[in-house]
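Below you'll find the structure, written out as structure tokens, and then a few comments.
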Amino acid sequence: MARRAASSLVSRCLLARAPAGAPPAAPSAPRRTDGMHRLLPGVLQRFSTAAAVEEPITPSVHVNYTKLLINGNFVDSASGKTFPTLDPRTGEVIAHVAEGDAEDINRAVAAARKAFDEGPWPKMTAYERSRILLRFADLIEKHNDELAALETWDNGKPYEQAAQIEVPMVARLMRYYAGWADKIHGLIVPADGPHHVQILHEPIGVAGQIIPWNFPLLMYAWKVGPALACGNTLVLKTAEQTPLSALYISKLLHEAGLPEGVVNVVSGFGPTAGAALASHMDVDKIAFTGSTDTGKIILELAAKSNLKTVTLELGGKSPFIIMDDADVDHAVELAHFALFFNQGQCCCAGSRTFVHERVYDEFVEKAKARALKRVVGDPFRKGVEQGPQIDDEQFNKILRYIRYGVDGGATLVTGGDRLGDKGFYIQPTIFSDVQDGMKIAQEEIFGPVQSILKFKDLNEVIKRANASQYGLAAGVFTNSLDTANTLTRALRAGTVWVNCFDVFDAAIPFGGYKMSGIGREKGVDSLKNYLQVKAVVTPIKNAAWL
């Protein structure tokens with residue numbers, strides 16, 4: 001099957017690829033199960049998006065790796081405990097995975113420490129590290145379909161999205177960091193006197209890394225790639241909802257020639273394995289992607305232990321600003337993608353859609369029509385745009401926020417309920433007449449719920465867009481260069497997309513202002529997270545020059 005390299009996630013994700021023999025999705029009216037039909041009479045019955053009612057497709061991949069990866073070997077947890085990882089299409093168990101806790105973190109950190117202090121990785125030439133990462137990228141491409149199938153099965157994202165965009169991007173990221181491995185160098189700087197001064201950039205040591213469930217493979221690449229390129233060893237904790245793809249891809253990394261103990265993977269839960277990693281006295285750095293509340297805990301644990309350095313990529317409530325000069329049809333499509341991509345489970349989702357009053361009514365009607373056409377169903381079926389939410393906890397959280405929107409006085413334009421009676425599917429939902437003080441406009445929903453707000457002028461929308469505890473990303477849609485320039489400089493966010501959204505090239509740094517995090521992922525800036533700076537000063541006698 002033909003593949004294409006993907007350097008961004010700006011694609012619509014309606015791609016022509018699916019497992020052989022996959023039957024087409026069949027539309028079906030949703031069956032109300034939670035009493036919302038009584039709360040919202042006459043509204044939701046018109047919803048016509050295809051429901052996930054067919055028998056789920058059996059993935060064409062086997063789950064071979066369910067144990068912890070410590071010192072190059074797959075091993076049981078010290079306690080012998082396991083936990084189930086579930087198929088979000090059905091809520092049924094896919095496999096039982098070893099449950100790591102503090103003792104397993106101790107074992108993994110000891111292996112990483114030995115590999116750093118005594119092992120070959122930081123002492124290996126940067127060129128050889130680069131070659132291993134390049135071989136790893138080749139293996140990722142070779143096993144593209146298996147990785148994508150595991151990601152979809154464990155996470156619920158559309159297979160086409162995983163296979164044609166995300167897994168190729170993981171390979172691209174590894175090649176990007178392979179290219180950096182032998183280009184990390186220091187400086188010789190002049191001093192005011194007879195001294196030779198070197199500035200060295202050294203690997204930081206043992207890195208602890210905690211990744212989320214919404215983009216397991218991509219977040220693996222964002223963390224593992226720069227850490228390895230800089231010569232570090234690491235212990236990575238997967239999200240308990242999505243452990244499978246990280247274990248599989250780590251096996252490929254060892255096939256590429258990675259020495260034992262350099263990368264260790266522990267599956268487990270935040271209060272046990274995650275807390276043990278963040279507070280471990282022999283971990284030199286911690287990197288976390290997840291919620292802002294958990295990020296605060298990570299930062300506190302790091303400070304109370306050995307004051308390890310911390311980078312955090314946290315939550316967001318990103319504004320997407322549509323000016324009155326916009327092509328409304330194009331703006332509707334882009335705003336739809338900005339919010340609903342990946343089931344709305346994106347930290348940078350354009351979840352506050354600000355629309356100028358002159359085009360507001362037209363935009364709302366067309367946004368409703370687009371949402372009603374969104375294809376929701378088994379993510380292994382061709383043409384499906386939206387799969388299930390990750391689990392019952394997230395599913396119920398999203399439904400609670402929908403009720404907050406209704407109770408708070410926003411207008412439910414479409415959606416508002418679950419789809420089908422099996423799995424964690426939610427109708428694409430739109431609210432209009434949303435006010436800044438409402439919960440759905442202030443708090444991160446992390447689901448397929450679009451909130452549309454009206455504004456009058458540029459100064460007003462700048463003030464309102466910035467009135468958030470978050471500052472991860474923002475979107476601007478306008479035909480005016482002057483307006484774009486004004487907004488890109490005024491918006492307090494780590495990324496501003498102009499007339500596009502969710503463009504994630506390997507070289508583009510990503511991170512947030514305010515409570516959206518500390519530090520940056522991707523690009524050259526990510527390398528700084530995994531390097532120490534050392535000054536070496538030596539006297540020079542009888543110097544010919546200074």
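Structural remarks
- Inter-label distance, nm, simple model (7 Å from Cα along the C-beta direction), residue 60/residue 499: 4.1
- Every helix of 4 or more DSSP H residues in the chain counts as -39500 (n - 2.57), and over all residues that averages to -10000 deg cm²/dmol at 222 nm.
- Residues listed by number, the range 111-155, amide nitrogen under 20 Å from residue 291 label point at 7 Å toward C-beta: 155
- If R0 is 56 Å, the Cβ-Cβ spacing of residue 196 and residue 397 corresponds to a FRET efficiency of close to 0.45.
- Here r is the Cβ-Cβ distance between residue 188 and residue 528 and R0 is 25 Å; the resulting FRET efficiency, rounded to 0.05, is 0.80.
- Each DSSP beta bridge with both residues in the range 319-505 is either parallel or antiparallel, and the antiparallel ones are about 15%.
- Relative contact order, whole percent, for the range 305-462 stands at 26, derived from Cα pairs under 8 Å and 6 or more residues apart.
- Computed over the chain, relative contact order equals 20 percent, with contacts defined as Cα pairs under 8 Å that lie 6+ residues apart.
- Per residue, the Cα convex hull of the chain amounts to 160 Å³.
- Per residue, the range 319-505 exposes an accessible area of 33 Å² to a 1.4 Å probe, with every protein chain left in place.
- Charge dipole of the range 319-505 about the Cα centre (unit charges at C-beta), most positive-ward option of 451, 408, 349: 408
- Projected onto its three principal axes, the C-alpha set of the range 52-204 covers 77, 39, 25 Å, listed from the longest axis down.
- Positive-pole candidate from 115, 504, 543, dipole of the chain, charges at beta carbon: 543
- Between 0 and 90°, nearest 10: helix 292-304 axis offset from the chain longest Cα axis: 20
- Computed about the Cα centre, the dipole magnitude for the range 319-505 is approximately 280 debye when only Lys and Arg (+1) and Asp and Glu (-1) carry charge, each at its Cβ.
- Counting only DSSP beta bridges whose two residues both lie in the chain, roughly 45 percent are antiparallel.
The values are calculated or read from the model by the stated rules, or taken from the named source; none is laboratory data. Nothing here was measured: the structure is a model prediction, and the numbers come from that model. A quick note on method: Cβ atoms are made from the backbone with ideal geometry, for glycine too, and the neighbour counts reach across all protein chains shown. With ligands, DNA and RNA removed, areas are computed over all heavy atoms of the protein, side chains included. Shrake-Rupley method; radii C 1.70, N 1.55, O 1.52, S 1.80 Å.
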